[in-house]
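Asker: Structure in structure tokens, see below.
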Amino acid sequence: MVFNIISKEVKELLTKSTIISLIVISVILGSIGKYTSNSEKELITKKTNIAVYDMDSTDISLILSNSMKNFSNEDFSKKSYESVFENFKKNEGIIVLIEKGFKDSIMVGKKGEVRINWFLKGVGIFDFASSDIFENVIRISKFELMKNILKTYRITDENVLDPVKFKNESIMVKGKIFKNISPKTLYSTLQNQTNFIPVIIMMLLIMSGSMIISSMGLEKENKTLETLLTMPLKREDIVLGKIIGGGVVGIIMAAIYMFGFYNYMKGFTGNLSTLTDLKVFNIFDYTLTGLSIFLSLLSGLSMCLLLGLFARDYKSAQTLTLPVSILAIIPMFLTMFKDFETINLPLKLLVFIIPFSHPMLSLRFLFFDQYQMVYWGIIYNLLFFIILTYFIVKIFNTDYVITGKNLFIFNFNKRKFFF
Amino acid sequence: MIAISVKNLKKRFGKIEALKGIDFEVSEGEIFGLIGPNGAGKSTCLRIISTILSKDDGRVKIFDYDISQKMEIKKIISYLPEDAGAYKNLKGIDFLKFFAQFYKEQRDFNEMVEDGIEISLLKERLNDKIETYSKGMVRRLLVARSLMVKPKLAILDEPTSGLDVTNATQIRNLIKKKAREGTTFIVSSHNMLEVDYLCDRINLINDGLFVEGGKVKDLKEKYKVSNIEEIFIQVVG
């Protein structure tokens, strides 16, 4: 009987139009990611438009201007300043003016002056890419210049420009030692391996949660719930069927969405291969995390079903997803800025009692071999789901589910309580 | 055999006393009409008989079962709520199959679905999604859903509400036919002509109490009127 309800829920909720719209979103996200990735790759190899005008015309200024010209798409120095100015206004580029007296200033211990005029196409991330490239050009050109100036003082050892080598030997955190990496690399690695979990939880909750709440609202509005309640099946079967059915649809939809999201994120993180060298998770770790996600989803859906019981109709059901989404956002933000173990006790308790916190934290705990915390999270979510489902079944067994009135009836003489 | 036996049935919603102690009996194979103004307690009474709502006081028996034996009662009844809809994203045929699954222990699944197809008269439209159906088509599908399981007791709340004359007549004739085959019906309706045509016996309910009842013919003679509408006006005022 439960399978019949699950099958109905899946058929009803997973419509062709829903799947098509999700696939479209997924493909769009993936395409954006791919575009981003390609743009990033282009940037790594890309040169920019650099026009260098050397007013000083000395051996020292020539080193700087030649070094910079090597990074330009073409040599603009033969073109007039006005034509380059007009060209860069339409496209983009950098005009560099090496002032007269550049070498003289350096030789008397002062700084040689170079004027730079930027031409940008817009204010997007990639519009500022030419400035990033040019910052790099300046660094390399300065190094070239310094090497040559040192030569004039007969110093040939380049190490004098970068005499200290700092080596990250180890990081000790939560009793675990990580060797030969910097804290920044550790943080990036951890983020890369764990930041998809909160996104999955949010997607699962928003998608299945809103569906299950709306489904309850529709059942009430269309009075199909009344019909269902007269079928020869237990009311707990209806509750379980709805939760599991909503969960199955949610997982399918989240999988489609995550495929697109994975490609989208790959666009941003795909080039950071060096950060994923710390492979600490095995199949058992992922199984534990999967179990934690599944149980938190069931807990979330039972919360949604409970809220759905309070919906009068489809319209009023629409607004009820918000409280559950907020509950998911709280641990997401809290754990983004602070570690679970470094937050104060009240916040720690708050994070722990929210069922969605546990899968969000599970991979971080596993990263530091804190398996017990993950086990406790799984046990908590299982208990949360069982207890909440028990309450929902009790409400389902009252008149409230039909009338929307008198949920809390206390009549001690006749032993008639809310359940 | 007595199909429904209700004694001193009471139901309260907070301060509102919906049923103040009603008594009636319905025999097997009978079409029993429950009529009364809006808010009189008709739907509450039907919902209690169909096990959806609990009673506060009194005794309700459906065939051999006390109303507390919900699962046994659910196996032999079928309830059609007033203004009910259907799962719009399902096809008509899937809707029938979904509900037939619950009665697989009582009847052969395929026979049930075949009966549902026949009763609905929707033919190839059953392969379309319910969201494309007219109100009349949805109602016919719901009636088919109610009767395909061959219930011993069918509880119909406004079975023809919102239907045109053709659709309503088809459904009334179907109810008559099924009653002749042995199904007991308890019908609530605002349509006095429908009640007159369908019901063997009626009870008038007003403000949670039965104020009149009996065979339609006897009541017409008692009040010296030609139709139930006039009885209704005289009794309820």
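Asker: Does A:Val199 meet the test of being among the β-branched types (Val, Ile, Thr) and open to solvent by less than 40 Å² (accessible area, probe 1.4 Å)?
Answerer: Yes.
Asker: Determine whether A:Ser72 is out of contact with any Lys or Arg (no Cβ under 7 Å at 6 or more places or on another chain), polar (S, T, N, Q) and touching a residue at least 12 places away in the same chain (Cβ under 8 Å).
Answerer: no
Asker: Then there's this: When only residues in the range B:104-134 that are of a type in the set (Val, Ile, Thr) and in contact with a helix residue (DSSP H, G or I) (Cβ under 7 Å, 6 or more places away or on another chain) count, which is nearest to B:Asn167 (Cα to Cα)?
Answerer: Out of the qualifying residues, it is B:Ile119.
Asker: Next question. What about A:Glu236, is it within 11 Å of chain B (Cβ to nearest Cβ), charged (D, E, K, R) and in a helix (DSSP H, G or I)?
Answerer: No, not satisfied.
Asker: So which residues in the range B:144-191 are open to solvent by less than 10 Å² (accessible area, probe 1.4 Å), among the small types (Gly, Ala, Ser) and under 22 Å from B:Arg125 (Cα atoms), if there are any at all?
Answerer: If the condition is that a residue be open to solvent by less than 10 Å² (accessible area, probe 1.4 Å), among the small types (Gly, Ala, Ser) and under 22 Å from B:Arg125 (Cα atoms), then B:Ala144, B:Ser146, B:Ala168 are the ones that fit.
Asker: Turning to a different aspect of this structure: Taking interchain pairs and intrachain pairs at least six residues apart, which have beta carbon atoms under 8 angstrom, with the first residue in the range B:209-226 and free of Cβ contacts under 8 Å to residues at least 12 places away in the same chain and the second crowded, with 16+ Cβ neighbours inside 10 Å and among the charged types (D, E, K, R)?
Answerer: B:Ser226/B:Lys220
Asker: On to the next question. Considering only residues that are closer than 14 Å to B:Thr184 by Cα and either open to solvent by less than 10 Å² (accessible area, probe 1.4 Å) or hydrophobic (A, V, I, L, M, F, W, C) (or both), which ones fall in the range B:12-45?
Answerer: B:Val26, B:Ile31, B:Phe32, B:Gly33, B:Leu34
Asker: Can you name the residue in the range A:216-225 that is open to solvent by less than 10 Å² (accessible area, probe 1.4 Å) and within 11 Å of chain B (Cβ to nearest Cβ) and, of all such residues, is farthest from A:Ala311 (Cα to Cα)?
Answerer: Only one residue fits best here, namely A:Thr224.
Asker: Go through (1) in the same structural domain as A:Ile63 (by TED's automatic domain parsing); (2) part of a helix (DSSP H, G or I); (3) open to solvent by 50 Å² or more (accessible area, probe 1.4 Å) and name the single condition A:Ser141 misses.
Answerer: (3)
Asker: Identify all residues within the range B:102-132 that are within 11 Å of chain A (Cβ to nearest Cβ), out of contact with any Lys or Arg (no Cβ under 7 Å at 6 or more places or on another chain) and either open to solvent by less than 50 Å² (accessible area, probe 1.4 Å) or in contact (Cβ under 8 Å) with a residue 24 or more places away in the chain (or both); write none if there are none.
Answerer: B:Phe102, B:Tyr103, B:Glu105
Asker: Of everything in the range A:147-169, what is under 30 Å from A:Leu190 (Cβ atoms) and surrounded by 10 or more Cβ atoms within 10 Å (Cβ to Cβ)? Give them in sequence order.
Answerer: A:Asn168, the sole residue that qualifies.
Asker: Filter the range A:95-112 down to residues that are assigned to a loop (DSSP other than H, G, I, E, B) and acidic (Asp, Glu), then give me how many there are.
Answerer: Here the count works out to 1.
Asker: Can you tell me which residue in the range B:76-90 is modelled with the lowest pLDDT, limited to those that are within 24 Å of A:Asp313 (Cβ to Cβ) and open to solvent by 10 Å² or more (accessible area, probe 1.4 Å)?
Answerer: This residue is B:Asp83.
Asker: Considering only residues that are of a type in the set (Asp, Glu) and either over 21 Å from A:Tyr187 (Cβ atoms) or open to solvent by less than 60 Å² (accessible area, probe 1.4 Å) (or both), which ones fall in the range A:327-369?
Answerer: A:Asp339 - this is the single residue of the range A:327-369 that is of a type in the set (Asp, Glu) and either over 21 Å from A:Tyr187 (Cβ atoms) or open to solvent by less than 60 Å² (accessible area, probe 1.4 Å) (or both).
Asker: Please name all residue pairs, on different chains or six or more residues apart, with Cβ atoms under 7 Å, provided the first residue is in the range A:98-117 and is assigned by TED's automatic domain parsing to the domain that holds A:Asp56 and within 15 Å of A:Thr58 (Cα to Cα) and the second residue is of a type in the set (Lys, Arg) and part of a strand (DSSP E or B).
Answerer: Once the first residue is assigned by TED's automatic domain parsing to the domain that holds A:Asp56 and within 15 Å of A:Thr58 (Cα to Cα) and sits in the range A:98-117, its partners that are of a type in the set (Lys, Arg) and part of a strand (DSSP E or B) give A:Glu99/A:Arg115.
Asker: I need a count of the residues in the range B:51-70 that are open to solvent by 40 Å² or more (accessible area, probe 1.4 Å) and within 12 Å of chain A (Cβ to nearest Cβ).
Answerer: 6
Asker: Can you tell me which residue among B:Ile48, B:Ile73 is open to solvent by less than 10 Å² (accessible area, probe 1.4 Å) and either under 14 Å from B:Ile205 (Cβ atoms) or polar (S, T, N, Q) (or both)?
Answerer: B:Ile48
Asker: Looking at the range A:78-111 only, could you name the residues that are open to solvent by 90 Å² or more (accessible area, probe 1.4 Å), more than 25 Å from A:Lys142 (Cα to Cα) and not basic (Lys, Arg)?
Answerer: A:Glu82
Asker: On to the next question. Which residue pairs have Cβ atoms under 9 Å apart, sit 6 or more places apart or on different chains, and have a first residue in the range A:1-21 that is under 13 Å from B:Tyr87 (Cβ atoms) and a second that is assigned to a loop (DSSP other than H, G, I, E, B) and among the hydroxyl-bearing types (Ser, Thr, Tyr)?
Answerer: Pairs that qualify, where the first residue is under 13 Å from B:Tyr87 (Cβ atoms) and the partner is assigned to a loop (DSSP other than H, G, I, E, B) and among the hydroxyl-bearing types (Ser, Thr, Tyr), are A:Lys8/B:Tyr87; A:Lys11/B:Tyr87; A:Glu12/B:Tyr87.
Asker: Name the single residue, out of those in the range A:390-408 being part of a loop (DSSP other than H, G, I, E, B), open to solvent by 60 Å² or more (accessible area, probe 1.4 Å) and more than 16 Å from A:Glu226 (Cα to Cα), that is modelled with the highest pLDDT.
Answerer: Per the criteria, the residue is A:Asn406.
Asker: Open to solvent by 30 Å² or more (accessible area, probe 1.4 Å), at pLDDT below 85 and not charged (D, E, K, R) - does that describe any residue in the range A:301-313?
Answerer: Within the range A:301-313, one or more residues are open to solvent by 30 Å² or more (accessible area, probe 1.4 Å), at pLDDT below 85 and not charged (D, E, K, R).
Asker: Checking A:Asp369 against (1) in contact with a strand residue (DSSP E or B) (Cβ under 8 Å, 6 or more places away or on another chain); (2) in a helix (DSSP H, G or I), which test does it fail?
Answerer: A:Asp369 satisfies all of (1) in contact with a strand residue (DSSP E or B) (Cβ under 8 Å, 6 or more places away or on another chain); (2) in a helix (DSSP H, G or I) except (2).
Asker: For the range B:198-207, name all the residues that are surrounded by fewer than 17 Cβ atoms within 10 Å (Cβ to Cβ) and more than 14 Å from B:Gly29 (Cα to Cα).
Answerer: B:Asp207
Asker: Further question on the same structure: Determine which member of the set A:Lys46, A:Lys121, A:Lys69 is at pLDDT below 90, open to solvent by 40 Å² or more (accessible area, probe 1.4 Å) and closer than 24 Å to A:Met146 by Cβ.
Answerer: A:Lys69
Asker: Would you mind stating whether B:Lys7 is open to solvent by 10 Å² or more (accessible area, probe 1.4 Å) and more than 29 Å from B:Arg107 (Cα to Cα)?
Answerer: yes
Asker: Just to be sure before I move on: is B:Glu194 charged (D, E, K, R), in a helix (DSSP H, G or I) and open to solvent by 30 Å² or more (accessible area, probe 1.4 Å) in the structure I sent?
Answerer: When the stated conditions are applied, B:Glu194 does not pass them.
The values are calculated or read from the model by the stated rules, or taken from the named source; none is laboratory data. As the structure is a prediction and not an experimental result, all values here were calculated from the model. Cβ coordinates were reconstructed from backbone atoms using ideal geometry, including for glycine residues, and neighbour counts include every protein chain displayed. Areas reflect the complete protein model, heavy atoms only, side chains present, ligands, DNA and RNA absent. Shrake-Rupley method; radii C 1.70, N 1.55, O 1.52, S 1.80 Å.
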